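A.B. asks: Encoded as structure tokens, here's the structure I'll be asking about.
What follows is calculated from the coordinates using simple rules that are stated; it is not laboratory data. Worth saying up front: this structure is predicted, and the values here are computed from it rather than measured. A quick note on method: Cβ atoms are made from the backbone with ideal geometry, for glycine too, and the neighbour counts reach across all protein chains shown.
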Amino acid sequence: MAWFRRRPRSGGPGGRPVDRADLEHLTQFVRSRRGVEAFIEPQTTVTETTLLLVAHDGEWTRRRIESPEVARRFAHQLAMPVYDVRLLGYPQRMRDYNERQRRRPA
């Protein structure tokens, strides 16, 4: 049965090549905030590899990235610390930021 066959991904083993707009968004986030750190989120059965950027105050953004290697290269080019979220987990400041956003009046 062909129902459960996986479609091949383009762009190599990590998935599709990254959209230029995604890289521009990530670069702009880093340049417009201070204390930004990068967290690589692994590919799962439903999502591709993503790069999560977290600023000093916990504000964050996430975009799809081609592979963990591309994510590391991107972070190093912008002189950012880069971590594997599977090993380190998500930073507390990100959870605190999400909680502050949730409690804000609409």
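A.B. asks: Looking only at the range 20-103, where both bridge partners belong to it, what percent of the DSSP beta bridges are antiparallel (to the nearest 5)?
C.D. replies: For the range 20-103, the DSSP antiparallel bridge percentage is about 75.
A.B. asks: Work out, step by step, the length gained on full extension between Arg20 and Tyr90: first 0.36 nm times the residue separation, then minus their alpha carbon distance; give nm to one decimal. Please report the intermediate quantities before stating the final value.
C.D. replies: Values: separation 70, 0.36 × 70 = 25.20 nm, distance 2.58 nm.
Extending this stretch completely gives an extra 22.6 nm.
A.B. asks: Give me the distance in nm between label points sitting 7 Å out from Cα along the Cα-to-Cβ direction at Asp57 and Glu69, one decimal.
C.D. replies: With each label placed 7 Å out from Cα toward Cβ, I get 3.8 nm.
A.B. asks: Let me ask something else about it. Which FRET efficiency, nearest 0.05, do Leu78 and Ala106 yield, Cβ-Cβ r, R0 22 Å? Could you put the intermediate results ahead of the total?
C.D. replies: Numbers: r = 34 Å, r/R0 = 1.56.
Efficiency, rounded to the nearest 0.05: 0.05.
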